[in-house]
1. What does the charge count near P229 come to, summing +1 for each Lys or Arg and -1 for each Asp or Glu among other residues with Cβ under 13 Å from its Cβ?
2. Shape verdict for the stretch 406-492, please, from the Cα gyration tensor: rounded (a/c under 1.5), prolate (a/b greater than b/c) or oblate.
3. If you take every residue apart from G260 with its C-beta less than 12 Å away from the C-beta of G260, what net charge results, scoring Lys and Arg +1 and Asp and Glu -1?
4. Which whole-Hz ³J(HN,Hα) couplings does the stretch 361-374 yield from phi under the Karplus relation 6.51 cos²θ - 1.76 cosθ + 1.60, θ = phi - 60°, glycine and proline marked x?
5. Give the residue from I487, T378, P392 lying farthest towards the positive end of the charge dipole for the stretch 272-492; charges sit on Cβ (+1 for Lys and Arg, -1 for Asp and Glu) and the dipole is referred to the Cα centre.
6. Scan around D303 for amide H atoms under 5 Å from its own, H built in the peptide plane at 1.01 Å from N, and keep only partners 5 or more places away or cross-chain.
7. So for the chain, taking the charge dipole from beta-carbon charges (+1 Lys/Arg, -1 Asp/Glu), which of L144, N214, I299 sits furthest toward the positive end?
8. Label point 7 Å out from F149 along Cα-to-Cβ: which residues of the stretch 98-115 have amide N under 14 Å?
Amino acid sequence: MFGDYITLPHLLIFVPLIAGLVTFFLKKESSAKSSALFASIVTLFVSVASLYFADNKDLSGVNFSYVWLKHIGSSFSVALDGMGRLLTLLTAIAFPLIFVATYKNSYKNANVFYGLMLLSQSGLMGVFLSMDALLFYFFWELALIPVYFLCSRWGGEKRIQATFKFFVYTFAGSLLMLLGIIYTYLHTEPTNVSEHSFAMHAFYNAALNPHQENWLFWLFFIAFAIKMPVFPFHTWQPGAYEQSPTSVTMVLSGVMVKMGLFAVLRWLLPVFPKAVIQFDNIVIGLSVIGIIYASLIAIKQNDLKRLVAYSSIAHIGLMSAAIFATKQVGIEGVMIQMFNHGINIIGLWIVVELIEKQTGVRKISELGGIAHKAPVLTIMLVIIAFANIALPLTNAFVGEFMMFNGLFQFNKWYTAFAGISIILAAVYTLNMVKNVFYGEANALTAGMKDISLNEKIILAVIVVMIFIVGVFPQPMLDMTKDTVTLILSKFK
């Protein structure tokens, strides 16, 4: 239907890539904004179309492989399996939401800003679509590099320090992953065109002994753990979130952290199953520690951005623990929760952005009484906050329940300690709602106005998705079922 060379994965990658390159040459800020928004909407339409075509028997529109570097066995191989469809859909939804929510913001050299944002979206799409390890690494870097420039050029006063730390962590992780990819590649079986192969199926069947699996596991895991991030590889995150422009922070927390979770599911578990079993208790233990640690830190935060950042670390920690429990229900829960967390956290960031834009502050102690001045914003925030603590009928409840179920099947004590985070999340989330939105208005909040029409529409879209997935999650679970089966087949 799309011809021999134009497929849906191509469009998901190249629409934002080409639009990003074009946007660099648009001198007017309004033109750059319009270009970025239009490209993101087109990408969203393509992603929605993929949900239909991937369910057909003819998969020519969602799978593509072209010999890229013949003599080393690397192909431009992209495909939309269930997990890929879900995460490309999240990416495709996130960017229009971000662009519309921050449309009134003004940036110096806006053409460069929006061009880099679109390049990052293209890289993210490539990560979620790649079926070749070298191609995966290429897109991994393509997604990260624009973010370095976005943070360092348009961030806050301490942006250089935060970006440097972000760079050191992620560069070190990328280097370890590249070493692991090359070593695993050298242990793949010969093909008709090359001695070894970077293809995903070749990596899944690499001839590795248990000792090799064990040390390769840590090369890959550290790279992915930094990106998620999980304890103790998380220390770059709060500073980067705080100092980045809020639209960039939305990309980092809403979509980019899913790269790490996705990579664990796509590459780590199926390629090194024996090592996963060997080290599962260590990783789950670190994840649970991170859940409790981040939740306790979030309770003490006085900065809205840092509170949301530590909240995200806690949620990611639970997903990490559920993955390494290697239970069907738990990994299915992670699949749907990656999407739900992205939607909910972007909603929280939008609210933080709207508050800071009007008051000029993010300190919880300096706010209060916003509900009297912005009732619609308050209603939207309360719903998103309830989703953040996984209230029944909201989207996060489904994923969290399934993840705790999987973790319980693995170990009851881990579940008990991780379950404390439910109480802690309610404490820091509801305290934030109470202190920021209720009570008496002060000099800073007395002049607040309710949100504009486009902001109401964006938050309403998020709220609608929260309830739709919370009430009817089955289509997403069906979408990822085959991917989960493939991953767990390595553990039978």
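Any read-out appearing in this document is the output of simple, stated calculations on the displayed coordinates, not a laboratory observation. Here the structure is a predicted model, which is why all the values come from computation and not from measurement. Neighbour counts are summed over all protein chains in view; Cβ atoms, including those assigned to glycine, are modelled from backbone coordinates with ideal geometry.
1. +3
2. Note, shape of the stretch 406-492 comes out oblate.
3. Around G260, the charge tally is +3.
4. Each residue of the stretch 361-374 in turn: 9, 10, 6, 4, 5, 9, 10, x, x, 5, 4, 5, 9, 9 Hz.
5. It is I487, whose Cα lies furthest towards the positive end.
6. I364
7. With unit charges placed on the Cβ atoms, the residue in question is I299.
8. Answer for the stretch 98-115: 109-115.
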